[in-house]
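Since the structure comes first, as structure tokens, the remarks are kept for the end.
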Amino acid sequence: MIYLNMSCNKISGTFSDTPIAFSSQALIYLSSNKFKRAPPILQVKVRLLFLSSNMSQNTFLCLMANARYLSFIDLSNSLLSGEIHNDYWKYMYHLEFLNMSNNKLSRTLPSFDELKQVRLVHLSNNGFQENYHNV
């Protein structure tokens, strides 16, 4: 297993579009930096991903597209905005923990029906407008 911790630095800018490739599973800590967008992890066996407290103003689509190995995602305090679509969870078979609190997410709450392993979803302090019965 690979452990990469670059958190609490002043790293800024964007990642290249080339997926990061590790030969085995990875734990990636990139919290508290100034990344403008998330890393392209589409072909990586990342289990834990910490990207909280970054300046990512775009949505997190690039993370979710094929993140089938992720079990823990922390994207809190990252200025994420827009709507969370139900399709994002389609391949997240192992997701147990999702923290997207303190962002600018809006519209309707997503359905988490696809997340069979989920134990905790933290979405507080966003701008959702939905009745609780759809959660």
Check ALA38, ALA67 and return the single one that is at pLDDT below 75, over 20 Å from LYS104 (Cβ atoms), under 12 Å from the mean Cα position of the chain (by Cα) and surrounded by 20 or more Cβ atoms within 10 Å (Cβ to Cβ). ALA67
Taking the criterion of being surrounded by fewer than 15 Cβ atoms within 10 Å (Cβ to Cβ), modelled with pLDDT under 75 and within 30 Å of GLN129 (Cβ to Cβ), would at least one residue in the stretch 19-26 satisfy it? no
Looking at the structure I just gave you, is LYS90 of a type in the set (Lys, Arg), modelled with pLDDT under 80, surrounded by fewer than 20 Cβ atoms within 10 Å (Cβ to Cβ) and more than 12 Å from the chain's Cα centre (by Cα)? yes
Which one is surrounded by the fewest Cβ atoms within 10 Å (Cβ to Cβ) among residues in the stretch 97-116 that are assigned to a loop (DSSP other than H, G, I, E, B) and modelled with pLDDT under 85? ASP113
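The values are calculated or read from the model by the stated rules, or taken from the named source; none is laboratory data. Source: prediction; values computed, not measured. Heads up, the Cβs are rebuilt from the backbone with ideal geometry, glycines too, and the neighbour counts pull from every protein chain shown.
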